[in-house]
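The values are calculated or read from the model by the stated rules, or taken from the named source; none is laboratory data. Please read all numbers here as calculations on a predicted model, not as lab measurements. Ideal geometry is used to build each Cβ from the backbone, glycine not excepted, and the neighbour counts take in all protein chains shown.
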Amino acid sequence: MPSLSAYFIVGATAAAVTFVLIPIVIRLSPRFGAVVEPSERRVHEQPTPTAGGAAMMGGVIVATLVAALHPGFREVMAARTEMFGVVVAALVIWSVGLVDDIREISPPAKIAGMVLSGSVMSLTGVSILVFRVPFFEVLFLSADWSFLITVVWVIGMANVVNLIDGLDGLAAGIVAIASATFLLYALRLGTENVLDAANPGGLWAVIALGVCIGFLPHNVHPARIFMGDGGALLLGLLMAASTMSVGGRTSVDFSGQTFFFFAPIVIPLLILGVPVLDTVFAVMRRTVRRRGLSAPDKEHLHHRLMNLGHGHRRAVLILWGWSALLSAFVLYPTYTGDGDAIVPLGVAALALALFSGLHPKWRGATVELDESELEGLE
């Protein structure tokens, strides 16, 4: 497996390139109409550029080139078709999101772009080959099923990240936590010889981590720029590439002693538990109300936290905390082989839930929100 220093160099490159490109994107966004105006659906009060995904895409390309030149990734880069496929798929899905940021396109058109991206990945060898379901045997997928599940997985990951991108810094922070966790998980499996040294899962995870770190300083509240659909869909694709490479290719039973961790493809769902739950609730809510799945509303988890009285930054920090807690829940038994972490982490989860729901009441006063946040909650 590549060394930690090799991963650090690639991740730092992705972060640095993204960070440096953001001011350029901010300056150019108004020329292309990639600016979000204040509205009832949003909490910001100033016109804000929304093409941050362009800087992220630049970070992905440069970091991939650095990895291709680094001797530590020689075996990973041996599968050039796969690497090329992910980059092309990333360009496709980012382009679809960018067009939607500039000029809104229909939901079927966006889904078509995601299907194309997933198809490119599957055809170039980045796909789910092994599917383990608890209480059942390992399923080795046929070519047709592998293609279908791969495309569905890409669509799912892209939409999970896109739907959670509702507050400054929220999506980038959650994906940073998730990608760091999955990088550590991949490194652990590599150390135990569960993953082949040529597996690219860790590489895509560290690149996703890098672009999020480079983007976050410009995106924390009050944000100077949004990642837009282009950035959200891009991050979702990178997470899909990483999770499929790691979780969809090994049939070896390793991940600690907790039974459900023997299903590798379940792990990213746990790490991304906050946005996944938010997506599930959104689908159920809109189905019951007979509204389109793409119809916007103000009932996502972050909106509910703000309705409870949490400010913008506190709501983001709470959801980051949930993501970090779920990530620790995955990593602890993986690194120790002991599932006893369930109890202390469960207590910590309960404490965080109580803080999320009751803290404003404990204060015995209404938490003051700034004008932009109040407008977003009306």
Select, from Ile128, Ile164, Ile102, Ile174, the only residue that is touching a Gly at 6+ places or on another chain (Cβ under 6 Å) and within 30 Å of Leu4 (Cβ to Cβ). Ile128
Considering segment 175-218 alone, what residues qualify as being at positive phi and in contact with a helix residue (DSSP H, G or I) (Cβ under 9 Å, 6 or more places away or on another chain)? none
Do we find a residue being over 27 Å from Met244 (Cβ atoms), surrounded by 20 or more Cβ atoms within 10 Å (Cβ to Cβ) and modelled with pLDDT under 90 anywhere in segment 1-9? no
So Ala186, is it under 20 Å from the mean Cα position of the chain (by Cα) and either buried (at least 24 other Cβ atoms within 10 Å of the Cβ) or part of a loop (DSSP other than H, G, I, E, B) (or both): yes
Could you tell me whether any residue of segment 135-157 is surrounded by 23 or more Cβ atoms within 10 Å (Cβ to Cβ) and either modelled with pLDDT under 85 or basic (Lys, Arg) (or both)? no
Mind counting the residues in segment 57-76 that are over 25 Å from Gly33 (Cα atoms) and either surrounded by fewer than 19 Cβ atoms within 10 Å (Cβ to Cβ) or among the β-branched types (Val, Ile, Thr) (or both)? 11
Does Gly357 count as at pLDDT 60 or above, more than 22 Å from the chain's Cα centre (by Cα) and not basic (Lys, Arg)? no
Among the residues of segment 56-76, is any among the hydrophobic types (A, V, I, L, M, F, W, C) and touching a Cys at 6+ places or on another chain (Cβ under 9 Å)? yes
Condition first: buried (at least 18 other Cβ atoms within 10 Å of the Cβ) and at pLDDT below 65. Can you find one or more residues in segment 309-323 that meet it? yes
Against the condition outside any helix (DSSP H, G or I), in contact with a helix residue (DSSP H, G or I) (Cβ under 9 Å, 6 or more places away or on another chain) and on the phi < 0 side of the Ramachandran plot, how does Gly166 come out, does it pass? yes
Does segment 118-133 contain any residue that is free of Cβ contacts under 8 Å to residues at least 12 places away in the same chain, more than 14 Å from Leu235 (Cα to Cα) and not small (Gly, Ala, Ser)? no
Any chance segment 210-221 includes a residue that's in contact with a His (Cβ under 7 Å, 6 or more places away or on another chain), part of a loop (DSSP other than H, G, I, E, B) and modelled with pLDDT under 90? yes
Would you please name the residue that is modelled with the highest pLDDT, looking only at residues in segment 31-65 that are charged (D, E, K, R) and more than 23 Å from the chain's Cα centre (by Cα)? Arg31
Which residues, counting only those in segment 103-132, are surrounded by fewer than 19 Cβ atoms within 10 Å (Cβ to Cβ), of a type outside the set (A, V, I, L, M, F, W, C) and either at pLDDT 95 or above or assigned to a loop (DSSP other than H, G, I, E, B) (or both)? Arg103, Glu104, Ser106, Ser119, Gly125
